[in-house]
Amino acid sequence: METREGIQPNRQVVFIVMVFLSQAHPAPIRYSVLEESESGSFIAHLTKDLGLGIGELADRSARIVSDDDKQRLQLDHQTGDLLWREKPDREELCGPTEPCILPFQVFLEAPVQFVEGELLIQDINDHSPVFPDREILLKIPENSQPGAVFPLQFAQDLDVGSNGLQNYTISPNSHFHVVTRNHSDDQKYPDLVQDKALDREEQPELSLTLTALDGGSPPRSGTSMVRILVMDVNDNAPEFVTSPYEVQVLENSPLDSPILTVLARDRDAGNFGKVSYGFFQASDEIKQTFSINEVTGEIRLTKKLDFEQMKSYHLKIEATDGGGLSGKGTVVIEVVDVNDNAPELTISSLTSSVPENSPETVVAVFRIRDRDSGDNGKMICSIPDNLPFVLKPTFKNYYTLVTESPLDREERAEYNITISVSDLGTPRRHTQHNLTVRVADVNDNAPAFSQPAYTLRVRENNSPALHIGTVRATDADAGANAQLTYSLLPPSDPHLPLASLVAINPDTGQLFALRALDYEALRAFDFQVRAADRGAPALSSQARVRVLVADANDHAPVVLYPPPNASAPCTELLPRAAEPGYLLAKVVAVDGDAGQNAWLSYRLLQATEPGLFGVGAHSGEVRTARPLSERDAPRQRLLLLVRDHGEPPLSASVPLHVLLVDGFSQPYLPPPEAPGRAPGAGAGADEPLTVALVGALACVSALLVGALLALAAGRLCRRGGAASAGGCAGPAEGGVPGQLLDVGGTGTLAHGYRYEVCLAGDRRTGETYIIWHHYTK
């Protein structure tokens, strides 16, 4: 046997190839394939199955021949594969015949050879059961009794085997059910079986759904509506089916137990076919002990039976139809003696609450009794084995229930104990009594916090009495032993004013900030919280609480350079030959906040020449944006804005004055020559005044440079260091030795910078200028 897997897009073809070739008596080759296989699906490899060589099928002009001359199969001469020409339908080819075998022949030439073949087409569940009519009408007389059978139309399923019709069902109802019957023709027929008597006056018509199911996977189904009309007829008197009726009843039968149902039939229908039942000339004892249903004839027990008092009853039953005709029947009821007294249990003493951790405590004292005699009166008393309690016989039929070991209320606070008592009768009778024992609590568990440490976050500048968090603890005990009180423990740091910072609600564990917190003054603090129960003695536990103060944007940026509050405006010198991108100055600012609130950005608000300068948004560097021209004003004023990234953002502004000069080699501009005055004239007369002015200027300049250097070193540098001394290029007149400042890359500065400070004066105007040269490390 050889198995191949066909290649197709939607279905998987499973086939079994059995090849039996014999030169003397060749047997047919047999294949198996599922119906509905796609056109062109692979069936078998004939070249291999026939024992031929590659290309021999084409050389011998092989072709497929069918008995009905229909070309359902095709042969691929190149590959030697046997394929489906069209999609096979088993029901179309074979109908209900099973198995469905399609015979074919392989015809070969040179030499001529015929090979018999059989193709078994396997059924798939591709058809649903179908009823011949969508509605089935039944007319049933109302006196039809339960158990009556009504044949119904059957459904047909074109599939066979397990995919064919299997069974019938009907919609749920109280009157009928359907039974599937197998007939000799292998067809399954539905029979409608009546379960309950019909009453045309109550329900003259019923509509039920009949469903036919096949055995496919998934199953398919078909439905038909069954319409039942209840018919009314009458012309006969009632007759009991059996008379007398004999029945045995146990003496311990419960009240309202069904004893027997008598049945009288009336061949009539309608109102005349209705039969009602009743006692005929019954004694008071029978009327008190039994009742009969007028409609169904069911006799029920209405009074307890006692074998010792009455061993049998004889009842006369009368059945009457709607026309007044009646029939008589007899019922003999024999009482059977049984073990009809259950054991009794009486509690003499009961303790509903037992303190935990107390061994061998008496819970209950009770007595058991059985009113029967002999084995029916002997009893066995027990409790479940999985409880920490034991039963101890005390005196005669008295028992004591005691604790076997100390109880733990936290493990289990309540026990439901079932005391079972059974006798030795046949059948045995049992009595159960349930006791509920509660375990009283003892303060043996300390409070437990939900977590050993809590971390709370509070935003600074909070409102007083703000709820900042809650600590929670639980106590496994109960009552007052589980009622907790929260309190703050003295801080380990004596300098921490905890009493003025935080308060706790002693009942809920809620923590409140008593005053506004300042992130810059106190960023975090720790303290201990205690939870104590109200037991005696009280038990307690502790947890650590850490409060983290979150920064708020409550500090505006502070500009260190240019000095915002200087008595004289800060002036920067800019050579007219400066290229675009020339670093004129750097705005240095700090923010007392932290995080995003301390991230600073810079912007140019106003400028004398709007397009001449630009400011780095993050560096604060003021640079030229284009080349300078003669048309640019020699004096420029810039207004710089520094803003943080807080919510809402805070900002500060500072002005910066810029003086355009031709070059740093000329610290001042020479005064214009007086008209008509020869060069060098009057030099001798002005020499004393010039010397005095130069001396005074040198003293003032030295003091100014020292003050500026001290201010810059204190505000700009956290790690400032004095560099080697240098000087400005230029003539000796007015040249003042400069200092190098090293500004570290901390705070808002991204890199390290060095600045060279020089002082220059203008003889014509008497003004003094500070020159800053910038060097990047």
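The values are calculated or read from the model by the stated rules, or taken from the named source; none is laboratory data. Given the structure is predicted, the values throughout are model-derived calculations rather than measurements. A quick note on method: Cβ atoms are made from the backbone with ideal geometry, for glycine too, and the neighbour counts reach across all protein chains shown. Surface areas here come from the heavy atoms of the whole protein model, side chains and all, with no ligands, DNA or RNA. Shrake-Rupley method; radii C 1.70, N 1.55, O 1.52, S 1.80 Å.
Things worth noting here:
- By accessible area with a 1.4 Å probe, ligands and nucleic acids excluded, highest first: order of Val332, Val33: Val332, Val33
- Nearest-10 value in Å² for the accessible area of Lys303, using the 1.4 Å probe: 80
- Under the Debye formula (equal points on every Cα, no solvent term), log10 I(q)/I(0) of the stretch 125-189 at q = 0.19, 0.20, 0.21, 0.27 Å⁻¹: -0.87, -0.94, -1.01, -1.38
- Here is the list for the stretch 559-663: GluC sites (Glu not before Pro) lying in DSSP coil, each with at most 12 other C-beta atoms within 10 angstrom of its C-beta, are Glu630.
- Alpha carbon convex hull of the stretch 519-635, volume per residue in cubic angstrom: 128
- Portion, in percent, of the accessible area of the stretch 165-258 that falls on carbon or sulfur, probe 1.4 Å: 46
- Solvent-accessible area of Asp518, all protein chains in place: 60 Å² (probe radius 1.4 Å, heavy atoms, ligands and nucleic acids excluded).
- Mean Cα-pair separation over length for the stretch 369-424, i.e. relative contact order, pairs under 8 Å, 6 or more apart, %: 45
- With contacts taken as Cα pairs under 8 Å at a separation of at least 6 residues, the stretch 269-418 carries a relative contact order of 17 percent.
- Taking a ≥ b ≥ c as the square roots of the eigenvalues of the Cα gyration tensor, an a/c ratio of 1.5 or more together with a/b larger than b/c marks the stretch 415-466 as prolate.
- Distance violations [Cα-Cα > 28 Å] among Lys304/Lys392; Lys196/Lys316; Lys303/Lys328; Lys196/Lys304; Lys274/Lys311; Lys274/Lys304: Lys304/Lys392; Lys196/Lys304; Lys274/Lys311; Lys274/Lys304
- Solvent exposure ordering (accessible area, 1.4 Å, most first) of Phe527, Phe114: Phe114, Phe527
- Using C-alpha pairs under 8 Å with a sequence gap of at least 6, the mean separation divided by the residue count of the stretch 348-495 gives a relative contact order of 22 percent.
- Sulfur and carbon atoms: percent of accessible area, the stretch 369-419 [1.4 Å]: 44
- When every Cα-Cα distance of the stretch 71-223 is counted in 5 angstrom steps from zero, the calculated P(r) takes the values 2, 8, 14, 15, 12, 10, 8, 7, 6, 5, 4, 3, 3, 2, 1, 1, 0, 0 percent.
- In terms of accessible area, using a 1.4 Å probe and ignoring ligands and nucleic acids, Glu35, Glu109, Glu294, Glu647 rank largest first as Glu647, Glu294, Glu109, Glu35.
- Calculated accessible area for the stretch 505-642 comes out at 47 Å² per residue, all protein chains present (probe 1.4 Å; ligands, DNA, RNA ignored).
- The fraction of accessible area contributed by carbon and sulfur in the stretch 86-155 is 55 percent, rounded to a whole number (1.4 Å probe; ligands and nucleic acids excluded).
- Over the stretch 322-398, accessible surface divided per residue gives 54 Å², non-protein components excluded, 1.4 Å probe.
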